[in-house]
Each structure stands twice: as C-alpha cells, then as structure tokens.
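The structure appears below as structure tokens.
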Amino acid sequence: MEKPKKQHALDNDVLEMLAEAHQAPALSAETTARMRNSLMAKIREKKKTGKQPFVTVRGGDEDWIEALPGAKIKILQGDFSVPNSLLSYLVRLEPNFKLAGHGHPFDEEILMLEGDLSLGETTLSKGDFHFALAGSTHGEVSTINGCLAYMRGALPV
C-alpha cells in the first residue's frame, strides 16, 4: 500500500527557492499571493478540523446555570463567555417570573416546550414558535405557570 504524500502549505517551487536561497529571494506579487492563499487555506482547514462534527447535550439536570433568580439556562451551542454572542439554549422560568422588555442584537427564535410565556401582549404555550427580528424590542417577559423553551439568539441583557 502506497503511503500518501504529505501536502505542504507552500508549493514545491516556492519551498525549493527558499531552501536554496542564502538570503531572502525577491518574490513576485503573484508568488506572494499564492503563498498567502495557500497558508490561509491550511489555517481554515485546521480550524475546521478543530471543531467537533457532532455535539450532544444530555437532557438531565446537570449544566443548568442560574442566570437570574427564577431563570435557569442550559447552553446547547455557542460560547456563553462572549457577551451578546449567538447561542442555542434552553430556558426554564419559575412561575410568576418577570423580566423587563429588551432588544435583540440577532434574530431570536423561541420554541415553547412546556408552560406559558408572555412577551409583551403575545402569549405563547406548548408547541408555539415565536420569531423576533434582530433590532426589534418586545415588552415585558413573564410567565404565570413557568415554562421550558428552546431559544436561539443572544441572552437578554
């Protein structure tokens, strides 16, 4: 079985030129651009392979974060440590929870899994889907009986 050839970030002619030179060779704009594009392609490839192709978050009671009194979140995807970052998360609100209305730096999607949730004048219940366009603001967030919802967007601030 033939061993696969190792691919270099730089083309062979550039590698040979650099290896033979005792001082830095004068490179044409075309060669410089080719080198840069080849290196950037390798960096992009490395970044892709650094990510896990699949992520599974189990439905148990672990990994919930108390974001506010009466409000817990469970991050499913995204970086919670980056302010106003795009996240996929579950939110669990206790009965009678209230939060002032807020804006959205990204589009926000809500899929209700359990309970009730009011966003200003709009009340959602199990199975309802709600979409808020980036830059929009809705009224007070509240629940009477508590809720569990899937959300995709930024955390309210």
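Amide H contacts for Asn145 (H built 1.01 Å from N in the peptide plane; partners 5 or more residues away or on another chain; cut-off under 5 Å): Asn96, Asp116. The H on the amide N of His138, modeled in the peptide plane, is under 5 Å from the matching H of His102, each at least 5 residues off or on a different chain.
Note that segment 144-149 has calculated 3J(HN,Hα) couplings of 8, 9, x, 7, 10, 9 Hz, one per residue in order, obtained from phi through the Karplus relation 6.51 cos²θ - 1.76 cosθ + 1.60 (θ = phi - 60°); glycine and proline are x. With both labels modelled 7 Å from their Cα along Cα-to-Cβ, the Asp11 to His102 distance reads 5.2 nm. Close amide H partners of Lys126, meaning residues 5 or more places away or on another chain with modelled amide H under 5 Å apart, are Gly115.
Taking a straight Cα-Cα cut-off under 18 Å and skipping sequence neighbours fewer than 8 places away in the same chain, the aspartates and glutamates within cross-link reach of Lys126 are Glu94, Glu108, Glu109, Glu114, Asp116. Backbone phi angles across segment 123-140, fed through the Karplus curve with coefficients 6.51, -1.76 and 1.60 (θ = phi - 60°), yield HN-Hα couplings of 10, 10, 9, 3, x, 6, 10, 10, 10, 10, 5, 3, x, 7, 10, 10, x, 3 Hz in residue order; Gly and Pro are listed as x. What FRET efficiency would be calculated for the residue pair Leu76, Ala134, taking the C-beta separation as r and a Förster radius of 22 Å, to the nearest 0.05? In this case the efficiency is close to 0.65.
Here the Karplus relation 6.51 cos²θ - 1.76 cosθ + 1.60, evaluated at θ = phi - 60°, turns the backbone of segment 112-122 into coupling constants of 6, 9, 8, x, 10, 8, 10, 10, x, 8, 9 Hz, with x for every Gly and Pro. For the pair Ser125 and Leu68, the difference between a 0.36 nm per residue extended length and the Cα-Cα distance amounts to 18.3 nm.
Just so you know, all these numbers are worked out from the coordinates, no wet-lab data involved. The model shown is predicted, which means the values in this text are computed figures rather than measured ones. Heads up, the Cβs are rebuilt from the backbone with ideal geometry, glycines too, and the neighbour counts pull from every protein chain shown.
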